[in-house]
Amino acid sequence: MKVSIAVLDANNLPTGEVEEVVLNDAVANLVKNATLTDSEGVFFQRQLEHIQAQSYDVLYPELMGRNCFSTNTEGGEGINTITYRSYDKRGEAQIIAGKATDLPRADIDGKEYSISVKTIGNAYGYSRQELAASRVTGMPLDARKAEAARKAYEEKVNQVIWFGAEKDNLSGLFGGVAGAPWATSTRSVVAPAAAGSNSTVWGVDKTPDEVIADLTSACAKMYAETKKIFRPDMIIMSVEKKQYLMNTPRSIHSDVSIMDWFLKNNMFIKSADQIKDINEVAGIYKADASGFDSASESVEGFTVIASGESNMRLREPFPYVHLPVQYAGLEFEINCYGRFAGLEVIYPAAIQHFHNV
């Protein structure tokens, strides 16, 4: 079917000239009868479709476990247990006579502490047909699936870092193995209640002065109780709590936020980057110092830490790897795994949890 159309200039204005064009059957049917068959309609719609080159993938929150703790990879693939030794010096000197023969003795005591190493693994695969299709579409299928496998591994590692895996004998910051070397240490403190109230909830019952007192006393408590051995350099709290500190005025007469005032006047925490807002810790603190409850949403708290690999570290003796491709039938399969031992806390006193209920 031939039709005449007006010729337009560069400004899309008619030039007065016409030009004949030939329409295909589907378009001609639409012009003549204003109707399309189902197959013609699909064909015509595809002619008008533009597929964007950039894909927009599902977004996931950042995993913060590795961001807060350093990783130690000593050991290797074949080990099942990681052991460290701790020595303590004992004895005292006394004032003695010049010819004394029974001088008081000094000596050392040593202990060993062990944690288990576990395998965390998964796999991914793709068929020959999928590979052929990816070459046609230009989508790197193998890279996308490898990223998905790595993401699944990191999500499991992150879960263990924070909450441990008791049935698998792995410990995390807020849970894990009852028999872990540091699990029985007293590391939890209940924050004082607001004046005239039994509540310790920030932003609801506690004033900015009381919030600052909570943060200040938490840092000072660690420093004083450990005889200045551990200096806190990190505070872990929920995203909501950090936002409250950043956005709440020090007082109704001040344009300085609670956080700005605290950072300026605290001898340990001097930067907002040292206050880590972690999605995973919202609502996990119990009302007392007996532990944590990941299902609870009615309690809050924060944790003060003296970080550093000599105090605590993630133990990953064999980092995540992709094994050689295996060909089974018409599918390529890639197995992946790593060896992980959870969070190893050498000095429990370098961690103190403060509960707000």
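We did not get these values from a lab; they are worked out from the coordinates using the rules stated. No experiment lies behind these values; they were computed from the predicted model shown. Every residue, glycine among them, receives a Cβ derived from its backbone with ideal geometry; neighbour counts consider all protein chains shown.
As a rough footprinting exposure proxy, the listed residues Ser257, Ser70 were ranked by other beta carbons within 10 Å of their own, and the order from fewest upward is Ser70, Ser257. Checking every one of the trypsin sites (Lys or Arg not before Pro) in the stretch 72-106 against DSSP loop status and a limit of 13 other Cβ atoms within 10 Å picks out Lys99, Arg105. Put a plus charge on the Cβ of each Lys and Arg, a minus charge on the Cβ of each Asp and Glu, and nothing anywhere else: the dipole of the stretch 116-356 about its Cα centre is then about 580 debye. From least to most packed, judged by other beta carbons within 10 angstrom and beginning with the fewest, Asp107, Asp277 follow the order Asp107, Asp277. The order of the peptides 108-114, 149-155, 165-171 by mean Cβ neighbours within 10 Å, most packed first, is 165-171, 149-155, 108-114.
Per-residue counts of other Cβ atoms within 10 Å, averaged by peptide: what ranking do you get for 115-123, 210-218, highest first?
So the order, starting with the most tightly packed, is 210-218, 115-123.
Set the Förster radius R0 to 22 Å, insert the Cβ-Cβ distance between Ala195 and Asp255 as r into 1/(1 + (r/R0)^6), and round the FRET efficiency to 0.05. So the FRET efficiency works out to roughly 0.30. In plain terms, the residue of Arg250, Arg66 with the fewest other Cβ atoms within 10 Å comes first and the most crowded comes last, giving Arg66, Arg250.
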